[in-house]
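The values are calculated or read from the model by the stated rules, or taken from the named source; none is laboratory data. The shown structure was predicted, so the numbers you read here are calculated from the model rather than taken from an experiment. Here the Cβ is made from the backbone with ideal geometry for all residues, glycine too, and neighbour counts use every protein chain on show.
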Amino acid sequence: MDRTGMADFLRARREALRPADVGLTEGPRRRTAGLRREEVAAAASMSVDYYTRLEQQRGPQPSTPVLAALARALRLTSDERDYLFRLAGHAVPDRLGRADHITPALQRVFARLSDTPALVISHLGETLAQNALGIALLGDHVSARGWARFEAWRWFVAPHGDRAIYPEHDRERQSRAIVAGLRSAYGILGPASTAGELVAELLARSEEFRLLWERQEVAQRFADHKVLVHPELGEIEVDCQVLFTEDRGQALLVLTPEPRSEAEEKIRLLGVLGVERFSTG
């Protein structure tokens, strides 16, 4: 671990960012070059003391999840993220196998979406980021741990997963789309990967998944017209538009209602109601 190199790199990247780069307002009395330490710590979900010690060469060796969080908070490119991992004495994550690093360009677009539900997902269906309306409409998936972060797991295994979000008549179509998308990722990453582990777990736990997996359907479907069911507001019709990263490893999904429609009014009400977790029965 290169403590001096890591401290200098963190400080330089923090000072190179402007508040607007991360969706913050730059007040007239701001004297700090770039972001404040507390702003980086908050964005990375860590204490200010812990982050400060890293910049002062006094902190312990950060874990890989901590480094990934810092890379997202500092809007590091993939090359910069890899450099940070090396400074910290860790092996560089495989760029396809680990899709938890959201590219800065995608983050900038995502940070500006506040009036409509939006989320960033990996090619494996792992939720990497959600805005407040995205959480209010779909439930909080970013805070989930383990396999619960993956759409296929929540759909086929979780006892109170994502199925309640979709009308019953549309669930079969959604099941096939999820399996076809997972098979596409599995074909790219292979059995000795997170995709392979997820498929093995699903085959062992879900007969429905096993039958659909045997159909050998392969597809990536993101752009779509959806009817989603909110526990308080009922059915909400939205169009799902997608923006891919260059390697198609991640996708920004934006859910927009038709202008001046009942669905648009319901999306507005979501902002008033705040984040509502789906009932667990």
### Message
Going residue by residue through the range 210-227, is there one that turns out to be over 25 Å from A129 (Cβ atoms) and crowded, with 18+ Cβ neighbours inside 10 Å?
### Response
yes
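Residues of the range 63-87 being assigned to a loop (DSSP other than H, G, I, E, B) and either in contact (Cβ under 8 Å) with a residue 40 or more places away in the chain or outside the structural domain of F9 (by TED's automatic domain parsing) (or both), which ones?
We begin by selecting, within the range 63-87, every residue assigned to a loop (DSSP other than H, G, I, E, B); these are 63, 74-77.
Listed by number, the residues that qualify are L74, R75, L76.
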### Task
Tell me which of these Y50 doesn't satisfy, since it passes every other one: (1) in a loop (DSSP other than H, G, I, E, B); (2) at pLDDT 90 or above.
(1)
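Just to be sure I understand, how many residues within the range 212-225 are in contact with a strand residue (DSSP E or B) (Cβ under 9 Å, 6 or more places away or on another chain) and either in a loop (DSSP other than H, G, I, E, B) or among the acidic types (D, E) (or both)? Walk me through it before giving the result.
First, pick out the residues of the range 212-225 that are in contact with a strand residue (DSSP E or B) (Cβ under 9 Å, 6 or more places away or on another chain): 220, 222-225.
Now drop any that are not either in a loop (DSSP other than H, G, I, E, B) or among the acidic types (D, E) (or both), which leaves 220, 222-224.
Residues that pass the stated criteria total 4.
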### Query
Can R108 be described as within 15 Å of the chain's Cα centre (by Cα), modelled with pLDDT under 85, surrounded by 13 or more Cβ atoms within 10 Å (Cβ to Cβ) and assigned by TED's automatic domain parsing to the domain that holds T245?
yes
### Task
Tell me which residues, restricted to the range 75-92, are at pLDDT below 90 and hydrophobic (A, V, I, L, M, F, W, C).
L76, A91, V92
### Task
Return a yes/no flag: does the range 139-150 have any residue that is among the aliphatic types (A, V, I, L, M), in contact with a Ser or Thr (Cβ under 9 Å, 6 or more places away or on another chain), more than 27 Å from E265 (Cα to Cα) and at pLDDT below 90.
yes
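Listed here are the residues, each with its yes/no results for (1) out of contact with any strand residue (DSSP E or B) (no Cβ under 7 Å at 6 or more places or on another chain); (2) assigned to a helix (DSSP H, G or I); (3) modelled with pLDDT under 85.
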| position | (1), (2), (3) |
| --- | --- |
| M1 | yes, no, no |
| A20 | yes, yes, yes |
| R29 | yes, no, yes |
| E38 | yes, yes, no |
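Condition check ((1) modelled with pLDDT under 90; (2) over 23 Å from L243 (Cα atoms); (3) not assigned by TED's automatic domain parsing to the domain that holds I267) across all residues:
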position	(1), (2), (3)
L137	no, no, no
H160	yes, yes, no
F209	no, yes, no
E214	no, yes, no
### Task
Restrict the check to the range 226-244 and report whether at least one residue is closer than 29 Å to T116 by Cα, aromatic (F, W, Y), part of a loop (DSSP other than H, G, I, E, B) and in contact with a strand residue (DSSP E or B) (Cβ under 6 Å, 6 or more places away or on another chain).
no
### Task
Of the conditions (1) in a loop (DSSP other than H, G, I, E, B); (2) surrounded by 15 or more Cβ atoms within 10 Å (Cβ to Cβ), Q57 clears all except one; give me its number.
(2)
### Query
So which residues in the range 228-240 are within 18 Å of N131 (Cβ to Cβ) and surrounded by fewer than 15 Cβ atoms within 10 Å (Cβ to Cβ), if there are any at all?
D239
